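The values are calculated or read from the model by the stated rules, or taken from the named source; none is laboratory data. Remember, it's a predicted structure, so these values are computed and weren't measured experimentally. As a convention, Cβ positions derive from the backbone with ideal geometry for all residues, glycine included, and neighbour counts pool all protein chains shown. Ligands, DNA and RNA are excluded from the accessible area calculation, which covers all protein heavy atoms including side chains. Shrake-Rupley method; radii C 1.70, N 1.55, O 1.52, S 1.80 Å.
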Amino acid sequence: GLGSEVGRRIQARLGDDALGAPLEVWTEHLGGQLALLGLGNLRVERWGRALVLRVNGLPPGTQALVGAVLEGALQRGLGKQAELVSFSDHDEVSYLALSAGTAARARELASNGSSLASVVETLHRGAA
């Protein structure tokens, strides 16, 4: 899919250093690809052990598409199986990158009204 192609492009740009590149370098390229596709502006944050990808300026109705692109790019570009759980806040969407089992728990918490910060805190406490 599109996310896999984005990950492939990033791998090609970074060359042999792709898998060893610092996360900040890799996500800078990912943000550039997302912007070129007109899908918003990316910034990445670490919340303890949690990785949060924040996108603002998404075109209306593209939250699921952007999540799929990011997920596919992470899997192809970094070789990491991650699932993204999204949290909307007005004009910004935050995607929490998690393992499959942890993502299921995070989705459950989010569906019960928990905020991103609350979900991350719960997961860090080991209540997942």
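Determine the sum of side-chain charges near VAL119: Lys and Arg each +1, Asp and Glu each -1, restricted to other residues whose C-beta is under 10 angstrom from that of VAL119. Before the final figure, lay out the partial values.
On the way: positive: ARG105, ARG107; negative: GLU108, GLU121.
Residues close to VAL119 contribute a combined charge of 0.
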The chain - percent relative contact order, Cα under 8 Å, separation 6 or more: 24 percent
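Rounded to the nearest percent, how much of the accessible area of the chain (1.4 Å probe, protein heavy atoms only) is carbon and sulfur?
Values: 3280 of 6730 Å².
So the carbon and sulfur contribution to the accessible surface is 49 percent.
Length gain on complete extension for the stretch ALA64 to ARG13, per 0.36 nm per residue less the alpha carbon to alpha carbon distance? Display every interim value, and only then the final one.
Values: separation 51, 0.36 × 51 = 18.36 nm, distance 2.62 nm.
So the extension gain works out to 15.7 nm.
Which whole-number value in Å² is the accessible area per residue of region 1-95, probe 1.4 Å? If you can, show how the numbers build up before the last one.
Details: 5030 Å² over 95 residues.
So region 1-95 comes to 53 Å² accessible per residue, rounded to a whole number.
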